[in-house]
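First the structure, in the form of structure tokens, and then the observations on it.
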Amino acid sequence: MKKTIQPRKTPQQARSRQTRKDILAATAHLLNRKPFGEVSTNHIAKKTGISVGTLYKYYPNKDAVLADLSLMFMQQDAELFGRVFEDSARKRQKKSALVEELVETLMMVHREDAQVRGVVYQNLERLKLLGPAQSATRKIQAKGAASVPELDPVLTWVAISAINAAVHSTSQLPKELQQWEFVQGLVRNILSNLMNEASAPLRGF
């Protein structure tokens, strides 16, 4: 991550940690309703209920807030999907049931924060966050492999990339044009194909 977008400090006290959470929540709320260019640090501070001077004690600029928000999403997603895979393995679910759990989780995560996640995806390269994003994807991939050992790591990576592309493309459309039911079916087909590949006998045997 570039030094210019690193948080000024890592909150240690509970009150400071809560303020950081409030800043990120306010930023997500605003970016779900307005383009990134129309949201300023003043807007974020006002929505959070703090002064802009207090905001600058935590973040040097708007990019730093977006970068921290992006990292928070990555961590939350890795933990959330990790739990889905772990629960599936513990319950010994059929692959079809795991597919449905993953589809529902994906839709829940992205439909609620479609616009802000679109901003995050658009700015990953500019904010030098492609490395952390790939790391988060690898964590999800590793949990999937632990739950379904037969999963091909290359195909899993391709499937996750395809899903991200489908969700991101939809998030960039005006709300009246977003067809989430279509995306849901598309994601289900991608995951079903991935699981079917995992269940197929080895080629050549």
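Odds and ends about this structure:
- Search result, residues across segment 135-145 that are open to solvent by 80 Å² or more (accessible area, probe 1.4 Å) and over 14 Å from PHE73 (Cβ atoms): ARG138
- Checking VAL109, VAL103, VAL116 one by one, the residue that is open to solvent by less than 40 Å² (accessible area, probe 1.4 Å) and either modelled with pLDDT under 90 or part of a loop (DSSP other than H, G, I, E, B) (or both) is VAL109 and no other.
- Only one entry in ARG8, ARG33 is open to solvent by 90 Å² or more (accessible area, probe 1.4 Å) and modelled with pLDDT of 80 or more, namely ARG33.
- Subset of segment 46-60 (residues that are under 24 Å from the mean Cα position of the chain (by Cα), assigned to a helix (DSSP H, G or I) and farther than 10 Å from THR19 by Cα): LYS47
- Evaluation of ASP77 against the conditions (1) farther than 22 Å from GLN178 by Cβ; (2) part of a helix (DSSP H, G or I) shows that the sole unmet condition is (1).
- Among the residues of segment 140-160, those that are in contact (Cβ under 8 Å) with a residue 40 or more places away in the chain and either outside any loop (DSSP other than H, G, I, E, B) or under 16 Å from the mean Cα position of the chain (by Cα) (or both) comprise ILE140, LYS143, GLY144, ALA146, SER147, LEU155.
- Test: residue in segment 146-159 that is within 30 Å of LEU30 (Cα to Cα), of a type in the set (Asp, Glu) and surrounded by fewer than 19 Cβ atoms within 10 Å (Cβ to Cβ): no
- Segment 164-174: number of residues that are in a helix (DSSP H, G or I) and touching a residue at least 40 places away in the same chain (Cβ under 8 Å): 5
- Meets criteria (open to solvent by less than 60 Å² (accessible area, probe 1.4 Å) and either at positive phi or modelled with pLDDT of 95 or more (or both)) for THR48: yes
- For segment 170-187, the criterion of being open to solvent by 20 Å² or more (accessible area, probe 1.4 Å), at negative phi, in contact with a helix residue (DSSP H, G or I) (Cβ under 7 Å, 6 or more places away or on another chain) and of a type in the set (D, E, K, R) is satisfied by no residue at all.
The values are calculated or read from the model by the stated rules, or taken from the named source; none is laboratory data. What you see is a predicted model, and the numbers here were worked out from it, not measured in a lab. Quick reminder, even Gly has a Cβ in these numbers, built from the backbone with ideal geometry, and neighbours come from all protein chains shown. Surface areas here come from the heavy atoms of the whole protein model, side chains and all, with no ligands, DNA or RNA. Shrake-Rupley method; radii C 1.70, N 1.55, O 1.52, S 1.80 Å.
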